[in-house]
Amino acid sequence: MAKIIDGKAIALDIRNEIAKEVQTLSQTYNKVPGLAVVIVGTRKDSQSYVGMKRKACAQVGIRSFDIDLPEDISEAVVIAKVHELNADPDVHGILVQLPLPKHINEEKVLSEISIEKDVDGFHPLNIGKLAMKGREPLFLPCTPKGCLELLSRSGISVKGKRAVVVGRSNIVGLPVSLLLLKADATVTIVHSHTPDSEKIIREADIIIAAAGQANMIKGEWIKPGAAVIDVGTNAVDDPSRKSGYRLVEVAGWLTPVPGGVGPMTVAMLLKNTLDGAKRKIVQ
Ligand code: GUN
């Protein structure tokens, strides 16, 4: 049977490590890390994610700045808010929850975030550095960083492995592929236009399922012993259903949903905020 990678427990360990460091910063420099979480509109899923992020800040002693903007706000006002946060010395990280309403250009807004406060790692300069050999981005995107952290804390080495990423989104698929490549894996990205993705997935030692769509991967495609990191809510067969048994039996390691990657995304956001604050506060 596959070993279940307990993302919730690993994330809790990381949050405890962060809380200790925040306390040390506060005692030594009388300053705490600050994270601005900006949400535009009332999408239920976004509100729930933002709520989790703000609560997690409070639990580790990070000060959260809550910016809630109405759905019909103009792009110019959102950008002006970002500029204000860029200039605020108590704010070490800025997160703009995605997706933004259709009338606001996401790329334009993300490009305005100071790269020194880009805790989501979505600024084109940070992504660009992630894509280049020998360049180090200031921040890594949280979900991809969480996937790699789950592998390393579970003792799964990446170097020289065949990794297959299912999906190519800006938030997960693309950056996780770049991270795996930086970690010396041989990386293939499969997506909705890939012919015979089954053949490619069957060869994978590590599978990152980030298609945002159900049933892209079948249990019987998993190579025995492979590590399966499920980023979506249903991209891999549900192991509790009959069709998913094969996946649990064959995979070497498997992340559950919920309780796998999700808690790690939040933990990595806290870690990025702490790291950003340390760069500013620690002399
Ligand atoms: N929407 C879905 N995932 C994310 C994320 O990691 N960061 C932001 N800002 N928005 C998201």
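The values are calculated or read from the model by the stated rules, or taken from the named source; none is laboratory data. The model shown is predicted, which means the values in this text are computed figures rather than measured ones. We place every Cβ from the backbone using ideal geometry, glycine too, and count neighbours over all the protein chains shown. When the accessible area is computed, the model is the full protein with side chains, heavy atoms only, and any ligands, DNA or RNA have been set aside. Shrake-Rupley method; radii C 1.70, N 1.55, O 1.52, S 1.80 Å.
Brief remarks follow.
- Compactness of region 42-91 as Cα Rg over 2.2 N^0.38 Å, two decimals: 1.30
- Against the chain, whose longest principal axis comes from its Cα atoms, helix 261-281 is set at around 40 degrees.
- Set of region 30-62 residues, backbone N closer than 20 Å to the point 7 Å along the Cα-Cβ line of Arg279: 31-38, 62
- Antiparallel content of DSSP bridges confined to the chain, in %, to 5: 0 percent
- Computed from the Cβ-Cβ distance with R0 of 45 Å, the FRET efficiency linking Glu203 to Gln27 stands at 0.30.
- P(r) weight above 25 Å for region 82-233, C-alpha pairs, percent: 34 percent
- Averaged per residue, the chain has 48 square angstrom of accessible surface, using a 1.4 angstrom probe with ligands and nucleic acids left out.
- The convex hull of the Cα atoms of region 67-168, projected and averaged over all directions, covers 8.5 nm².
- Using the rule -39500 (n - 2.57) for each DSSP H run of four or more residues, divided by the residues of the chain, the 222 nm mean residue ellipticity is -13500 deg cm²/dmol.
- Solvent exposure of Val282, expressed as accessible area, is near 60 Å², computed with a probe of 1.4 Å over the protein chains only.
- Gain upon complete extension [His83, Glu220; 0.36 nm per residue less C-alpha separation]: 44.3 nm
- Expected-Rg normalisation [2.2 N^0.38 Å, Cα atoms] applied to the chain: 1.02
- Taking only the alpha carbons of region 1-112, we obtain Rg and Dmax values of 16.5, 53 Å in that order.
- Ordering of 121-132, 186-197, 89-100 by burial proxy (mean other Cβ atoms within 10 Å per residue, highest first): 89-100, 121-132, 186-197
- Theoretical FRET efficiency, 1/(1+(r/R0)^6), r = Cβ-Cβ of Lys102 and Ala131, R0 22 Å, to 0.05: 0.20
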